[in-house]
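Worksheet: one structure, shown below.
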Amino acid sequence: SGYNTAGPEIAQETGVPVAIVDSPEALEPGLIADYTLSGHEGAWLAGQLAARMTTTGTVGIVVSGEPPSWNSQSAGFAQGVKAADPDVNVLYAVIGPAAYSDAAGGNRVTTSVIAAGADIIFGQGNGSSFGMIQAVETNQATDGSDVMFIDVIGDKSSLDTGHLLTSVVWDMTPVYTAMIEDLRNDEFGTKSYAISIAGGSVKLLETPQIDEAAWEEVMALQEQIVSGELSIDPIFDAEEVRALVTVQE
């Protein structure tokens with residue numbers, strides 16, 4: 001999302017098709033495509049899981065900025081928590097306006113959220129997420145329990161020391177496959193692309209840290225999303241996200 005201005009300029013200068021994120025208004029047939037990826041359905045399920053597993057009654061969201069994709073997941077997570085247990089408090093903290101690689105900031109802000117009572121952290125940070133993880137590993141919750149981390153996009157299981165609760169995993173294969181097919185069919189740049197639970201491009205990572213009964217309940221909710229019985233609408237606006245949470249300044 002940091003290259004949304006440069007990408008289209010390069011496409012115009014070179015004539016080479018470019019795909020950018022979070023910019024559906026920038027579509028240009030044959031030249032510029034958008035994939036405003038929203039893992040909000042997976043984040044909602046992660047919120048459901050967090051509400052079932054918190055022991056302090058407080059969970060936290062830490063973000064490296066407020067791009068649309070982060071906002072939709074933050075909102076989905078908060079909504080999932082409140083749908084499972086409205087009494088669970090959701091803290092929200094922003095490292096900086098574009099602190100995607102600020103690992104030190106991620107550590108500092110996450111530590112403050114843990115000190116405020118959160119025992120589960122939903123972190124969206126790119127490089128700064130490694131600072132978040134360090135804070136989770138080196139601090140205990142206010143009730144003395146271990147702090148757990150919920151990651152996004154990928155699978156950091158190989159780096160885990162027992163604190164990775166789950167991840168809202170994005171599988172980009174369907175998106176890139178659709179882009180390639182549209183390039184072949186001269187339809188590139190005519191529509192935006194998306195990821196979803198039903199399409200198999202969003203899923204929760206199962207780890208040994210997850211309570212089995214809680215996982216089964218959350219997977220039952222996932223089936224309702226797949227069947228269409230349950231629908232989660234994305235929220236992309238930062239101010240709307242802030243209305244759902246307790247903001248940590």
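The values are calculated or read from the model by the stated rules, or taken from the named source; none is laboratory data. Since we're looking at a predicted model, the values are computed, not measured. Reconstructed Cβ throughout: ideal geometry from the backbone, glycine too, with neighbour counts over all protein chains shown. Heads up: the accessible areas ignore ligands, DNA and RNA and are worked out on the full protein's heavy atoms, side chains in. Shrake-Rupley method; radii C 1.70, N 1.55, O 1.52, S 1.80 Å.
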**Message:** Of all residues being touching a strand residue (DSSP E or B) at 6+ places or on another chain (Cβ under 7 Å) and of a type outside the set (S, T, N, Q) in segment 83-94, which is farthest from ASP151 (Cα to Cα)? Just the residue, please.
**Reply:** VAL88
**Request:** Considering every residue within segment 133-146, establish whether at least one is at pLDDT below 95, open to solvent by 10 Å² or more (accessible area, probe 1.4 Å) and among the hydroxyl-bearing types (Ser, Thr, Tyr).
**Result:** no
**Fill in**
Restricting segment 117-132 to residues that are of a type in the set (A, V, I, L, M, F, W, C) and touching a strand residue (DSSP E or B) at 6+ places or on another chain (Cβ under 6 Å), the one nearest to TRP170 (Cα to Cα) turns out to be PHE122
**Message:** With the requirement that a residue be of a type outside the set (D, E, K, R), modelled with pLDDT of 95 or more and surrounded by 15 or more Cβ atoms within 10 Å (Cβ to Cβ), what does segment 184-195 give you?
**Reply:** PHE188, GLY189
**Request:** For segment 222-238, state whether one or more residues are part of a helix (DSSP H, G or I), among the small types (Gly, Ala, Ser), closer than 23 Å to VAL88 by Cα and open to solvent by 40 Å² or more (accessible area, probe 1.4 Å).
**Result:** no
**Message:** Six or more apart or on different chains, Cβ atoms under 6 Å: show the pairs whose first residue is in segment 153-168 and open to solvent by less than 50 Å² (accessible area, probe 1.4 Å) and whose second is among the aromatic types (Phe, Trp, Tyr) and part of a strand (DSSP E or B).
**Reply:** HIS163/PHE149; LEU164/PHE149
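Do the conditions hold for ALA178, that is, is it within 17 Å of ILE153 (Cα to Cα), out of contact with any Pro (no Cβ under 7 Å at 6 or more places or on another chain) and either open to solvent by less than 80 Å² (accessible area, probe 1.4 Å) or part of a loop (DSSP other than H, G, I, E, B) (or both)? If you could, list the steps in order and put the result at the bottom.
Values: within 17 Å of ILE153 (Cα to Cα): no; out of contact with any Pro (no Cβ under 7 Å at 6 or more places or on another chain): yes; either open to solvent by less than 80 Å² (accessible area, probe 1.4 Å) or part of a loop (DSSP other than H, G, I, E, B) (or both): yes.
Spelling it out, it is not the case that ALA178 is within 17 Å of ILE153 (Cα to Cα), out of contact with any Pro (no Cβ under 7 Å at 6 or more places or on another chain) and either open to solvent by less than 80 Å² (accessible area, probe 1.4 Å) or part of a loop (DSSP other than H, G, I, E, B) (or both).
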**Message:** Give me the strands (runs of 3 or more DSSP E) completely within segment 50-131, filtered to those with at least 3 residues that are touching a residue at least 24 places away in the same chain (Cβ under 8 Å) and crowded, with 24+ Cβ neighbours inside 10 Å, ordered by residue number.
**Reply:** 58-63, 120-124
**Message:** Against the condition assigned to a loop (DSSP other than H, G, I, E, B), free of Cβ contacts under 8 Å to residues at least 12 places away in the same chain, over 21 Å from VAL241 (Cβ atoms) and among the small types (Gly, Ala, Ser), how does GLY144 come out, does it pass?
**Reply:** yes
**Request:** Would you mention how many residues in segment 1-30 are at pLDDT below 95, open to solvent by 60 Å² or more (accessible area, probe 1.4 Å) and in a loop (DSSP other than H, G, I, E, B)?
**Result:** 4
**Asked** So is ASP211 under 29 Å from LYS82 (Cβ atoms) and either open to solvent by 40 Å² or more (accessible area, probe 1.4 Å) or touching a residue at least 24 places away in the same chain (Cβ under 8 Å) (or both) or not?
**Response** yes
